[in-house]
Amino acid sequence: MDSETLLARITDYASRPNPYPLYAELRESGPVVRQADGSCLVGTYHEIAALLHDPRMSVDPRTGGEVTHKPPFLRLDDPEHHRLRTLAMRPFGPPHSPGRVDSMRGEIDEIAKDLMGSFEGGRQIDIVDDFAYPLPVTVICRLLGVPHEDEPLFRAWSDALVAAADVRPGEEATETDKAGDQARIEMGGYLVNLAEQRRGNPSDDMLSAFVNEPDPARRLTQEELAETAVLLLIAGHETTVNLITNGVLTLLRQPAHLDRLRREPDLLPRAVEELLRYEPPVHMRERIPLADIDVAGTPIARGTPVVLVLASGNRDPGRFHDPDRFDPTRPDNEHLGFGSGIHLCYGGSLARVEAHAALGALIPHLGTANLVEDPPPYRQNAMLRGPRHLPIRF
């Protein structure tokens, strides 16, 4: 088929269960493939990695005239990205809070065990609704200081924001975008209000740390606090849900590897890295060149939307041996599951801990489990790809 329709075919919902043959077609069509809508696709590992590190590639949607409000730091370029990301990292990770994630390991293990306890006596469960969603949501609620009883509120907001963030070739602003904007405003307002309640009366959570920062030069404005808190809440669970669910699906499809991991639990950290390569939670990222660039001999004009297909790069035989095989002992596994460069996933360390805890709790029980549907029903989103439900029967 015509390579100019690749993005449309990849994002077509019919491709959601298995986009990998289309990624192979993308790589075979060249490092850069122009699309009918004027965008360019890049699907080979080394070219994607180089572009993720190229300061001429912008993530800011205002570059393409998409939005007028200031986006969260995930979608900002340096130096503003660096400033806001640094401020957001202060209460989360190194160098200022190096123990934050490590100190939660025991707590995350307990959350996983509690969720497993709810399975007892049940003959059928949905891995998404009963485990993969509640685990990271509970964790990010505790981390930020959001009352867990408010979780149903932000599930609807999160769904609207994630739908608006998807890659939708050739579409103009739609009701989806309007719903996403409204959700961002409402969710931001809720989180700023919650943070303000902690001003002068802090507890041990990130919202408290943000509003009680003693150094005026390191304080977030109210708008920055809203955008940052919304980003952390959504990014703190959406991708981890996919990572856990894709992991369970992969292992149930490959019982020999499931059995080995049950016998050799020390392999689990390497298996999680392989899952991030083999079935990553994020499949694509968009960039806009700020200048005319050349990629593997193909000129790309300034302002041209460029879609970096990370999941295709992860299956590139030019970088990985036998890339379509799941291998939990794979050496030299420098995957693109968390991106690369200055926008390397902020919460990657937490996602790894959550995936280890989740799969570590589930694997001993999966030997008697079978998939109810294969393929399962998938989420609409092509960029954040994962099953919407994963029913299994014991």
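The values are calculated or read from the model by the stated rules, or taken from the named source; none is laboratory data. What you see is a predicted model; the values in this text were computed from it and never measured. With ideal geometry, Cβ positions are generated from the backbone for all residues, glycine too; neighbour counts draw on all protein chains shown. Note: accessible area is taken over every heavy atom of the protein model, side chains too, but ligands, DNA and RNA are not part of it. Shrake-Rupley method; radii C 1.70, N 1.55, O 1.52, S 1.80 Å.
For the condition within 29 Å of PHE92 (Cβ to Cβ), touching a residue at least 60 places away in the same chain (Cβ under 8 Å) and surrounded by fewer than 19 Cβ atoms within 10 Å (Cβ to Cβ), what is the one hit in ASN370, ASN333?
Of ASN370, ASN333, the one residue that is within 29 Å of PHE92 (Cβ to Cβ), touching a residue at least 60 places away in the same chain (Cβ under 8 Å) and surrounded by fewer than 19 Cβ atoms within 10 Å (Cβ to Cβ) is ASN333.
Against the condition in contact (Cβ under 8 Å) with a residue 24 or more places away in the chain, crowded, with 19+ Cβ neighbours inside 10 Å and within 28 Å of ALA165 (Cβ to Cβ), how does THR298 come out, does it pass?
No, not satisfied.
List the helices (runs of 4 or more DSSP H) that sit entirely inside region 174-237 and contain at least 3 residues that are without any contact (Cβ under 8 Å) to a residue 60 or more places away in the chain.
So the answer is 175-196, 222-235.
Quick test for you: out of THR239, THR221, THR250, THR245, pick the one residue that is touching a Cys at 6+ places or on another chain (Cβ under 8 Å) and not small (Gly, Ala, Ser).
Being touching a Cys at 6+ places or on another chain (Cβ under 8 Å) and not small (Gly, Ala, Ser) holds for just one of THR239, THR221, THR250, THR245, which is THR239.
From the list LEU6, LEU22, LEU41, exactly one residue is at pLDDT 95 or above, crowded, with 18+ Cβ neighbours inside 10 Å, aliphatic (A, V, I, L, M) and more than 22 Å from the chain's Cα centre (by Cα). Which is it?
Every option except LEU6 fails the conditions.
Considering only region 80-114, state which residues are among the polar types (S, T, N, Q) and either open to solvent by less than 80 Å² (accessible area, probe 1.4 Å) or modelled with pLDDT of 90 or more (or both).
Across region 80-114, the qualifying residues are THR86, SER97.
Can you spot a residue in region 163-171 that is within 30 Å of SER39 (Cα to Cα), of a type in the set (Lys, Arg) and either in contact with a Gly (Cβ under 7 Å, 6 or more places away or on another chain) or at pLDDT below 80 (or both)?
The answer is yes; a qualifying residue exists.
At pLDDT 95 or above, surrounded by fewer than 16 Cβ atoms within 10 Å (Cβ to Cβ), touching a Gly at 6+ places or on another chain (Cβ under 8 Å) and not β-branched (Val, Ile, Thr): which single residue out of ASP292, ASP259 fits that description?
Sole residue among the options that is at pLDDT 95 or above, surrounded by fewer than 16 Cβ atoms within 10 Å (Cβ to Cβ), touching a Gly at 6+ places or on another chain (Cβ under 8 Å) and not β-branched (Val, Ile, Thr): ASP259.
What do you reckon, is ASP130 touching a residue at least 60 places away in the same chain (Cβ under 8 Å), under 20 Å from ALA351 (Cβ atoms) and open to solvent by 50 Å² or more (accessible area, probe 1.4 Å)?
no
Enumerate the pairs (first residue in region 61-90 and farther than 13 Å from GLU227 by Cβ and hydroxyl-bearing (Ser, Thr, Tyr); second residue anywhere and open to solvent by 50 Å² or more (accessible area, probe 1.4 Å) and modelled with pLDDT under 90) with beta-carbon separation below 9 Å, excluding pairs fewer than 6 apart on the same chain, so at least 6 apart or on different chains.
THR68/ARG62
How many residues does region 59-114 hold that are among the small types (Gly, Ala, Ser) and assigned to a helix (DSSP H, G or I)?
5
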